[in-house]
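For reference, the structure is listed below as structure tokens.
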Amino acid sequence: MNWTRRETLGGGLAALAAAGIPAVAATQNYVLNPASIMTTFGGVQQELLGFNGSLPGPELRAGQNDSLRVRVENGLQDGVLVHWHGLRLPNRMDGVNVLTQDVIPPDRSHDYRFPVPDAGTFWYHSHYLSYDQVSRGLFGPIIIDEQQPPDVDHDFTIQLFDMMTDENGVYDEDTGVEQFAAAGRIGNVITAVVSRDTVQRGDRVRLRLINPSIDRVFDLRINGVEGMIVAFDGMPLGQPRPFEDISLAPGQRCDVIGDVSDEIAFADEDTGQTIGRIVAHGQRQRRTTVIPALPPNPMPQPKGREVKARLLMQGGAGGGNHGGFGTWALNDVSGLPREPLLNVRRGTTARISLYNATAFDHVMHLHGHHFWEISNTGQLGDYRDGTLVPAGGTRDIQCVLDNPGNWMLHCHMLSHQADGMATWLRVT
Ligand code: C2O
Ligand code: CU
């Protein structure tokens, strides 16, 4: 990947914006070819899946308000669909089987084209048999640049990925089948794939953290950077927020801006392992400016009477009976119900109460929209596309359903989704 070009491009946009010249919306064209690849993972050469020969797939990048045009050419022996996680796009571009399009068969291609109204850190991944295809490598980053990007020396992505392997270090599909009913298939090989391997002490960096792992919630410690969280799930925080550890559930993202004090090390707090490093050399004068808030993305305003819905998360090991046929269920149904959880007119403000009646955590992800997490005191919290609901816990979310279409709402622990934890909303 050509990082230099990318960084120059960011600088160029900033220079244009500083000169008061608006950047012209452009169309960025990409081709993605999912196929099986031979690659080295966890130190072992093996057959996995990739886009354009690589795991993770190539970074897709565009400016805010540009359009992305992506041709997916299916080189797998199986069907595929690509979902653009976190992007607010037209429903027919969402890449979801049954709800928005048919599966792309082997040797066939499909064109996706959509504008990107929000700047931030997003990602793409297979949405067909995703517990399997994503776990084998079908995912990659999408970066949408602000019209005036923040002043940093380097902007890079860190993808936190785990995989279950057998005693030879090879991807193992049999290991952990019983975990579909528990915390999911948590990998024994854990890595942070970093898009850059050196920095200078004193550099200001933007770290875009993405968790494409199918089931693992990361509890991440970042050493060597003194910084602030500036965005979750692609959406800027009103105020940069100090942090110690960062929790990232499957599908979630977090942007950090900070100054490099030493070698950067990404530590997984659960296992105590350092899972990625960026070497620091030299020393430059640190910036004295404070870490800036990112410019806000356009957000719809809640208005009118709030429509309420309630979603009961059920099942799993140790769970009680429920009406669904699968291991997991939502409101007594396993898998997509015939009727949507909500059927509302465009522009409706909805409040969904998520009750986790299971013994495991779940991260609920809504397609085509972001939502506010509501605090216990009723305040609007962070604006995200995935929220982690702890075992036995509840969480209310508020969402302005302003994007017409049929949208999935599901657990992004993909082993849970595969075994029933999914529903949908209809906006007309
Ligand atoms: Cu990232 Cu329905 O998924
Ligand atoms: Cu789940």
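The values are calculated or read from the model by the stated rules, or taken from the named source; none is laboratory data. Since we're looking at a predicted model, the values are computed, not measured. So basically every Cβ, Gly included, is an ideal-geometry build from the backbone, and we count neighbours across all protein chains shown. These area figures cover heavy atoms from the full protein model, side chains too; ligands, DNA and RNA do not enter into them. Shrake-Rupley method; radii C 1.70, N 1.55, O 1.52, S 1.80 Å.
State whether the residues of region 224-231 include one that is open to solvent by less than 40 Å² (accessible area, probe 1.4 Å), free of Cβ contacts under 8 Å to residues at least 40 places away in the same chain and farther than 30 Å from Thr40 by Cβ.
yes
When the residues of region 140-185 are narrowed to those that are open to solvent by 50 Å² or more (accessible area, probe 1.4 Å) and within 16 Å of ligand 2 (Cβ to nearest atom), which ends up farthest from Trp123 (Cα to Cα)?
Glu178
Give the residues of region 314-343 that are crowded, with 20+ Cβ neighbours inside 10 Å and over 15 Å from Met408 (Cα atoms), sorted by residue number.
Gln314, Gly315, Gly316, His322, Gly324, Thr327, Trp328
Across region 284-313, what is the total count of residues that are within 16 Å of ligand 2 (Cβ to nearest atom) and either assigned to a loop (DSSP other than H, G, I, E, B) or open to solvent by 30 Å² or more (accessible area, probe 1.4 Å) (or both)?
Residues flagged as within 16 Å of ligand 2 (Cβ to nearest atom) and either assigned to a loop (DSSP other than H, G, I, E, B) or open to solvent by 30 Å² or more (accessible area, probe 1.4 Å) (or both) within region 284-313 amount to 1.
Among (1) within 25 Å of Ala267 (Cβ to Cβ); (2) buried (at least 22 other Cβ atoms within 10 Å of the Cβ); (3) away from ligand 1 (no atom under 16 Å from the Cβ); (4) not small (Gly, Ala, Ser), which single condition is Asn74 missing?
(1)
Looking at region 122-139, can you tell me whether even one residue there is within 16 Å of ligand 2 (Cβ to nearest atom), among the charged types (D, E, K, R), more than 30 Å from Thr288 (Cα to Cα) and in contact (Cβ under 8 Å) with a residue 60 or more places away in the chain?
No, that holds for no residue.
Taking the residues in region 401-422 that are part of a strand (DSSP E or B) and open to solvent by less than 10 Å² (accessible area, probe 1.4 Å) as candidates, determine which candidate is nearest to ligand 1 (Cβ to nearest atom).
Top of the filtered list is His410.
Pick out the one residue from Gly386, Gly318, Gly378 that is more than 22 Å from the chain's Cα centre (by Cα) and within 15 Å of ligand 2 (Cβ to nearest atom).
Residue meeting the stated conditions: Gly318.
Can you name every one of the strands (runs of 3 or more DSSP E) wholly within region 42-124 that holds 2 or more residues which are under 16 Å from the mean Cα position of the chain (by Cα) and not aromatic (Phe, Trp, Tyr)?
Ranges flagged: 60-63, 82-85.
Could you look through region 91-135, keep only residues that are open to solvent by 60 Å² or more (accessible area, probe 1.4 Å) and aliphatic (A, V, I, L, M), and pick out the one that is nearest to Gln252 (Cα to Cα)?
Leu129
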